[in-house]
Amino acid sequence: MALPGRSYPVFIGQGALQELPKLVREMGVSGAAIVTDTTVGKAWGGAVETGLTGVGVNCRTLAVEPGEGSKSLAELERVLAFLEELRIDRRGIVLALGGGTVGDLAGFAAAVWLRGVRVVQVPTTLLAMVDSSVGGKTGVNTKLTKNSVGAFWQPAAVVAELATLGTLPESEYVAAFAEIVKYAVAMDAGLFEILDARWDGLGARSADDLEAVVARCVELKAKVVAMDERDQGARAILNYGHTFAHALEAASGYRLAHGHAVSYGLLLAARLGVAVGLCGEEVDVEQTRLLARYGLPPGPLEVPLEAALAALPRDKKATGGRIGWVLPRAIGKAQVGVQVPEAVVEREVRLRFG
Ligand SMILES: NC(=O)c1ccc[n+]([C@@H]2O[C@H](COP(=O)([O-])OP(=O)(O)OC[C@H]3O[C@@H](n4cnc5c(N)ncnc54)[C@H](O)[C@@H]3O)[C@@H](O)[C@H]2O)c1
């Protein structure tokens, strides 16, 4: 991953975790605080701790409860207390072992502890591998708003061990394909072809197929983040499918899984693209077909449409209440900042999901 003046390594593959102890030792660390959740900790925490201890790195582990509830200010305080107790100094590191929840929480703790210590992201969900572990967005939720307290804090390294996906529940695995299809439709027709051709291998979690796809998504995200680290313009393309997804998540009281919400968001965005004349029907048809190959969306939308529509203007990417939609032009190309009349949005939402 290359950023102006800075870059960091991203290791992806079966066996990537074996690189971790050497990598951490070479960082010259004074100690490591491993932050994980209880599920991931049970499955993978031992291997990480043993690896680090084996190369003489002082480390201990804090496991939070699994799930979005841990991305809170209260849990942040608990992580900071843990860093203090471990006497993590400026040469110490935080190691985030888990999905996006742990990555965001631990990454933000690293960003603010002593005004910033290094964080190594060790993503264990497919979503975290293709999305949240790279790009440097970290943060927690307040009681009312998701990701409202946070920082841009790039990791010192990312180690994506594909073997960890072996213990990931099927629904979590499948949900990540919404983000992967997002990259394909918005940015990369070649990735779309790979997803189409290798769906059986990917469905069976084949390491070879996964390596190709994860690496490609990381490259796409890296390219966009390098252009626009602080989300002022180009990075908006990563928001394809997310405008409606965020509204659905909020309207469901965050009970709808993010990946599932994104899959409905992608369907709507393609409909809007057709409605405003930006793309042809075939984009909608092809995207719907590819999503269905991966079991997305998981079923009919159960969030009340009124509530979802009402939640739309609160989207963070909205400026002055007017939403700049990210809509497809073709498979592999999207346009950001498209204005769509509210009446058209409402009509398409009702036609697609009513
Ligand atoms: N920072 C970013 O750029 C960014 C981007 C996208 C999403 N996010 C954030 O990521 C979070 C969602 O992350 P997620 O989808 O990875 O979910 P998650 O971290 O909540 O993990 C989902 C579940 O899977 C379990 N799990 C994780 N890895 C496992 C493994 N290898 N084996 C068995 N169980 C495992 C966890 O314990 C948890 O129960 C959200 O808070 C979202 O806001 C951040």
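The requirement of being of a type in the set (Val, Ile, Thr), over 29 Å from PRO169 (Cα atoms), open to solvent by 40 Å² or more (accessible area, probe 1.4 Å) and touching a helix residue (DSSP H, G or I) at 6+ places or on another chain (Cβ under 9 Å) is satisfied by VAL276. Scanning segment 125-148 for residues that are within 6 Å of the ligand (Cβ to nearest atom) and of a type in the set (A, V, I, L, M, F, W, C) yields a count of 2. In this structure, LEU105 does not satisfy being open to solvent by 10 Å² or more (accessible area, probe 1.4 Å) and either within 19 Å of LYS143 (Cβ to Cβ) or more than 9 Å from the ligand (Cβ to nearest atom) (or both). Among (1) within 14 Å of the ligand (Cβ to nearest atom); (2) at pLDDT below 95; (3) not hydrophobic (A, V, I, L, M, F, W, C), which single condition is TYR8 missing? Condition (1) is where TYR8 drops out.
Among the candidates VAL213, VAL159, the residue that is more than 19 Å from ARG329 (Cα to Cα) and not assigned by TED's automatic domain parsing to the domain that holds ALA257 is uniquely VAL159. Residues that are free of Cβ contacts under 8 Å to residues at least 24 places away in the same chain and under 25 Å from GLY190 (Cβ atoms) number at least 2 in the following helices (runs of 4 or more DSSP H) confined to segment 243-354: 281-293. For segment 238-273, the set of residues classified as more than 19 Å from the chain's Cα centre (by Cα) and open to solvent by 40 Å² or more (accessible area, probe 1.4 Å) consists of GLY253, ARG271, listed by residue number. Annotation note: Cβ proximity below 9 Å between a residue of segment 149-169 that is in contact (Cβ under 8 Å) with a residue 12 or more places away in the chain and a residue that is among the charged types (D, E, K, R) and within 8 Å of the ligand (Cβ to nearest atom) (sequence gap 6+ or interchain) occurs for GLY150/ASP104; GLY150/LYS137; ALA151/LYS137; PHE152/LYS137; TRP153/LYS137. Of everything listed in (1) outside any loop (DSSP other than H, G, I, E, B); (2) open to solvent by 10 Å² or more (accessible area, probe 1.4 Å); (3) in contact with a Gly (Cβ under 8 Å, 6 or more places away or on another chain), the single unmet condition for ARG87 is (1). Selection over segment 80-102 of residues that are at positive phi and within 16 Å of the ligand (Cβ to nearest atom) gives a count of 1. Consider segment 168-187 and keep the residues that are of a type in the set (Gly, Ala, Ser) and touching a Phe, Trp or Tyr at 6+ places or on another chain (Cβ under 6 Å). The one that is nearest to the ligand (Cβ to nearest atom) is ALA186. When ASP196, ASP231, ASP188 are checked against the criterion of being farther than 22 Å from GLY136 by Cβ and open to solvent by 10 Å² or more (accessible area, probe 1.4 Å), ASP196 stands alone in meeting it.
With respect to the conditions (1) near the ligand (Cβ under 9 Å from one of its atoms); (2) assigned to a strand (DSSP E or B), LEU62 lacks only one, and its number is (1). Inspect segment 157-165 for any residue being more than 16 Å from the ligand (Cβ to nearest atom) and acidic (Asp, Glu) and give the result as yes or no. The answer is no; no qualifying residue exists. I'd like to check something: does segment 129-140 contain any residue that is open to solvent by 10 Å² or more (accessible area, probe 1.4 Å), in contact (Cβ under 8 Å) with a residue 40 or more places away in the chain and not charged (D, E, K, R)? No; the residues of segment 129-140 include none that is open to solvent by 10 Å² or more (accessible area, probe 1.4 Å), in contact (Cβ under 8 Å) with a residue 40 or more places away in the chain and not charged (D, E, K, R).
The values are calculated or read from the model by the stated rules, or taken from the named source; none is laboratory data. Please read these numbers as outputs of a predicted model, since none were measured by experiment. No Cβ is skipped: glycine too gets one built from the backbone with ideal geometry, and neighbour counts run over all protein chains shown. Remember, those area values only see protein heavy atoms, side chains included, never the ligands or the DNA or RNA. Shrake-Rupley method; radii C 1.70, N 1.55, O 1.52, S 1.80 Å.
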